[in-house]
1. Roughly how many Å² is the accessible area per residue of the chain, as a whole number, for a 1.4 Å probe?
2. Using alpha carbons only, how many degrees (0 to 90, rounded to 10) separate the axis of helix 65-77 from the longest principal axis of the chain?
3. Please work out how much length the chain gains when fully extended from residue 81 to residue 27, using 0.36 nm per residue of separation minus the C-alpha to C-alpha distance, in nm with one decimal.
4. Equivalent-ellipsoid semi-axes (√(5λ), Cα gyration tensor) for the chain, whole Å, largest first?
5. On the accessible surface of the chain, probed at 1.4 Å, how many percent belong to carbon and sulfur atoms?
6. Under a crude label model (7 Å from the Cα following the beta-carbon direction), how far is residue 66 from residue 16 in nanometres?
Amino acid sequence: MTVNLENGLHMSPSAQLVQTAQAFGCDITIRKGDRTVDSKSMLDVLTLAAEKGTTLVLEANGDGAQEAIDALDQLFRTNFAAS
């Protein structure tokens with residue numbers, strides 16, 4: 001997924017991402033380059049320093065994995081707009 005937010009994946013969208021990920025029981029990781037973090041950890045997500053244009057790879061394993069990826073994909077496709 002590509003970060004298209006003007007200010008990158010800053011505090012507010014990161015919180016949305018973490019909150020969405022925490023709603024699922026599966027394990028979800030985010031990879032930027034050679035760094036992989038837990039998508040359910042706000043501190044981990046913020047340490048990615050994902051600026052506009054950054055490509056992130058999300059992976060989910062376990063029950064509800066596809067639903068989790070779909071929900072997170074929706075956040076990125078709508079630029080984290082409130083639903």
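1. Accessible area per residue: 57 Å².
2. Value to nearest ten degrees: 20.
3. Details: separation 54, 0.36 × 54 = 19.44 nm, distance 2.42 nm.
Between residue 81 and residue 27, full extension yields an extra 17.0 nm.
4. For the chain, the ellipsoid semi-axes come out as 18, 14, 11 Å.
5. Carbon with sulfur: 47 percent of the solvent-accessible area.
6. It works out to 2.5 nm between the two label points.
The values are calculated or read from the model by the stated rules, or taken from the named source; none is laboratory data. Note that the structure is a prediction, hence the values are computed from the model and not measured. Heads up, the Cβs are rebuilt from the backbone with ideal geometry, glycines too, and the neighbour counts pull from every protein chain shown. To get the accessible areas, we keep the full protein, side chains included, count just its heavy atoms, and leave off ligands, DNA and RNA. Shrake-Rupley method; radii C 1.70, N 1.55, O 1.52, S 1.80 Å.
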